[in-house]
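Reading through the C-alpha cells given below for one structure.
The values are calculated or read from the model by the stated rules, or taken from the named source; none is laboratory data. Computed from a prediction, not measured in an experiment: that's the story for all the values here. Positions of Cβ are generated from backbone atoms using ideal geometry, with glycine treated the same way; all protein chains shown enter the neighbour counts. Please note that ligands, DNA and RNA were not included when accessible areas were found on the heavy atoms of the full protein model with its side chains. Shrake-Rupley method; radii C 1.70, N 1.55, O 1.52, S 1.80 Å.
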Amino acid sequence: MTPEQAISALDRHLAAGGQDAVLRRWTGSGSARTPVDVAVRVRAQDYRVEELVGGIEQGDTRVVLSPTQIVAAGWPGPQGWPRNGDAIVIAGRERDIISAPPQVLNGVVVRIEMVVRG
C-alpha cells in the first residue's frame, strides 16, 4: 500500500463514519491570545478500562484524523502536525491534546492518532 492509498482509505473511512471537529492551536498570550483553527474529520472513541495504561486516564479519548485537511489548510507549526498543548473541539467541547504521534509510511504522514483529555 502506498502512502497516498493509505490516506485515501482513511479519508473515505472518516467521511463515512467520522464526525466534524476543529483542530486548534492557541497563539499569543493574555488578551492577545487567539486560536488558529482547521476543520477536520475525526473518529473519536473513549478508551476501555483495560487500555488505561501508560498515562492514559479514565475519560481520555482516542481521536484519529487524517493529514489531508491539515495539509490543505497549511495549519501552523512544525510540519503542521498537532502536538501536546494544542486542542480539539468535538461536539462543541474543547479538549486538550495530550499526545499526537503521526504515523508514517515510506516517509509520509498517513494518520494521526491522538490522546485527548478534558
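Could you point to the label whose value was computed as percent of Cα pairs over 20 Å apart for the structure here, given [x] 41; [y] 47; [z] 52?
Identified label for the calculated read-out: [x].
Would you mind computing, in nm to one decimal, how far apart the modelled labels at V53 and S31 are, each placed 7 Å from Cα along Cα→Cβ?
With each label placed 7 Å out from Cα toward Cβ, I get 5.1 nm.
Which net charge results for the neighbourhood of I70, defined as the other residues with beta-carbon distances under 15 angstrom from its beta-carbon, given Lys and Arg at +1 and Asp and Glu at -1?
Every neighbour counted, the sum reads 0.
Only four residue types carry charge here, +1 at the Cβ of Lys and Arg and -1 at the Cβ of Asp and Glu. Report the dipole size of the chain about the Cα centre in Debye, rounded to the nearest 20.
Computed charge dipole of the chain: roughly 200 debye.
What nm distance separates the two modelled labels at M1 and N84, each placed 7 Å from Cα along Cα→Cβ?
2.9
Counting each DSSP H run of 4 or more residues in the chain as -39500 (n - 2.57), what helix-only mean residue ellipticity at 222 nm follows after dividing by all residues, to the nearest 500 deg cm²/dmol?
-5500 deg cm²/dmol
What is the list of residues in region 71-110 whose amide nitrogen lies under 19 Å from a point 7 angstrom out from the Cα of A15, following Cα to Cβ?
71-73, 110
Please report the relative contact order for the chain, taking Cα pairs under 8 Å with a sequence separation of at least 6, and give it as a percent rounded to a whole number. Could the numbers behind the result be given before it?
On the way: 228 pairs, mean separation 32.0, N = 118.
Reported as a whole number, the value is 27 percent.
With every protein chain present, what is the per residue accessible area of the chain (1.4 Å probe, Å²)?
Ligands and nucleic acids excluded, the result is 55 Å² per residue.
Across the chain, where is the longest run that never hits trypsin sites (Lys or Arg not before Pro) in a DSSP loop with at most 16 other C-beta atoms within 10 Å?
84-118
Taking K and R as +1 and D and E as -1, what net charge do the other residues with C-beta under 11 Å from the C-beta of A21 add up to?
Charge balance in the 11 Å sphere: +2.
Quick one: net charge of R43's neighbours, Cβ under 13 Å, K/R +1, D/E -1?
The answer is 0.
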